[in-house]
Amino acid sequence: MRAYWLDSRRPRYSLLLALPLFIVYQVLEALEPATHGGELRNGADVILETLFSRLAGPWGPMLLVVCLVALGLWLVIRDYRKSGRDLRLGTLLVMLGEATVLALCFGIIVSAITSQLVRPTAMLQQQDVAQLSVSTRLMLSLGAGLYEELLFRVLLVGSLAWAGRRLLGWRPLVAGIWAALIGAVIFSAFHYVGPYGDQYTSYSFVFRTIAGLAFSALFLLRGFGITAWTHALYDAFLLLR
């Protein structure tokens with residue numbers, strides 16, 4: 001168990017586990033019907049793509065994909081050479097099983113905690129996802145797991161935790177809590193921005209803030225791969241039922 005706990009956090013396993021999410025999302029996004037103008041994508045993906053478009057113009061989206069693939073391969077190869085051990089398929093399968101169990105439990109636990117803090121109300125949405133095709137709903141689910149975790153956990157929470165440790169001299173636990181709290185509030189607020197943003201309610205805001213805390217804690221403890229799959233599977237269970 002100790003070996004699994006350590007290995008599952010390493011890039012060679014964590015990033016390889018996330019690779020199918022990346023591939024399937026990109027394929028589904030490319031195949032989106034023309035009725036959506038090719039613009040219905042995960043919001044975190046749009047934010048990252050916009051940043052790269054500011055730098056490279058029309059080549060921005062392609063540059064983003066190339067950078068993600070190149071960085072991921074470099075991290076996996078470096079970690080593989082450093083470890084000196086062969087990859088084990090069983091570890092990846094157990095990681096996927098762990099993410100599946102976490103996804104099944106996630107909504108129940110977060111909803112229960114939220115209901116103790118705020119009076120339950122319907123989580124209204126501006127976009128009626130039931131009217132979207134199955135492939136579109138799957139694309140949005142996978143994109144949430146991949147790009148929201150990349151933006152809000154890897155970049156935002158990871159940077160805040162690093163700043164707390166290295167710049168402010170905090171202990172890892174204190175830095176992690178501080179980073180998770182700030183990241184969770186920003187993550188929740190993100191869902192109300194843009195034409196496809198949800199209608200604001202206190203219940204949905206608190207729910208997503210607690211969800212952000214849970215995902216941040218999971219990222220800091222279990223790494224990117226398991227967190228991305230937990231988020232993607234939870235959204236898929238919710239949107240495809």
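Looking across region 34-74, the residues that are at pLDDT below 90, over 18 Å from Leu142 (Cα atoms) and of a type in the set (S, T, N, Q) come down to Thr35, Thr50.
For region 182-210, a tally of residues being under 24 Å from Thr50 (Cβ atoms) and in a helix (DSSP H, G or I) returns 10. Taken over region 133-155, the residue count meeting the criterion of being in contact with a helix residue (DSSP H, G or I) (Cβ under 8 Å, 6 or more places away or on another chain), surrounded by fewer than 19 Cβ atoms within 10 Å (Cβ to Cβ) and among the aliphatic types (A, V, I, L, M) is 1.
For the criterion of being buried (at least 18 other Cβ atoms within 10 Å of the Cβ), out of contact with any Asp or Glu (no Cβ under 8 Å at 6 or more places or on another chain) and either aliphatic (A, V, I, L, M) or farther than 27 Å from Tyr13 by Cβ (or both), Leu167 fails.
Give me the residue from region 69-90 that is basic (Lys, Arg) and either in a loop (DSSP other than H, G, I, E, B) or in contact (Cβ under 8 Å) with a residue 40 or more places away in the chain (or both) and, out of that set, surrounded by the fewest Cβ atoms within 10 Å (Cβ to Cβ).
Residues of region 69-90 that are basic (Lys, Arg), as a first pass: 78, 81-82, 85, 88.
Filter once more, keeping what is either in a loop (DSSP other than H, G, I, E, B) or in contact (Cβ under 8 Å) with a residue 40 or more places away in the chain (or both): 78, 85, 88.
Values: Arg78: 12, Arg85: 10, Arg88: 13.
Filtering region 69-90 for residues that are basic (Lys, Arg) and either in a loop (DSSP other than H, G, I, E, B) or in contact (Cβ under 8 Å) with a residue 40 or more places away in the chain (or both), the one surrounded by the fewest Cβ atoms within 10 Å (Cβ to Cβ) comes out as Arg85.
Would you check which residues across region 142-176 are of a type in the set (Gly, Ala, Ser) and under 12 Å from Ala44 (Cα atoms) and list them?
Within region 142-176, the first condition is being of a type in the set (Gly, Ala, Ser), and the residues that meet it are 143-145, 158-159, 161, 163-164, 169, 175-176.
Across region 142-176, the qualifying residues are Gly143, Ala144, Gly145.
Could you say whether any residue in region 128-136 is at pLDDT 85 or above, touching a Leu at 6+ places or on another chain (Cβ under 9 Å), assigned to a helix (DSSP H, G or I) and among the small types (Gly, Ala, Ser)? Checked against the condition, which is being at pLDDT 85 or above, touching a Leu at 6+ places or on another chain (Cβ under 9 Å), assigned to a helix (DSSP H, G or I) and among the small types (Gly, Ala, Ser), region 128-136 yields at least one hit. Among residues of region 188-241 being surrounded by fewer than 22 Cβ atoms within 10 Å (Cβ to Cβ) and among the basic types (Lys, Arg), the one that is modelled with the lowest pLDDT is Arg241.
Matching residues to (1) of a type in the set (Gly, Ala, Ser); (2) exposed (fewer than 15 other Cβ atoms within 10 Å of the Cβ):
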residue	(1), (2)
Ser8	yes, no
Leu17	no, no
Phe22	no, no
Val27	no, yes
Gly43	yes, no
Pro58	no, yes
Cys67	no, yes
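When each of Tyr13, Tyr4, Tyr25 is tested for being modelled with pLDDT of 90 or more, out of contact with any helix residue (DSSP H, G or I) (no Cβ under 6 Å at 6 or more places or on another chain), hydroxyl-bearing (Ser, Thr, Tyr) and in a helix (DSSP H, G or I), the lone residue that passes is Tyr4. Among the residues making up region 76-108, those that are under 28 Å from Gly212 (Cβ atoms) and modelled with pLDDT under 90 are Phe106, Gly107, Ile108.
The values are calculated or read from the model by the stated rules, or taken from the named source; none is laboratory data. Since this is a predicted model, take the numbers as computed values, not measurements. Neighbour counts are summed over all protein chains in view; Cβ atoms, including those assigned to glycine, are modelled from backbone coordinates with ideal geometry.
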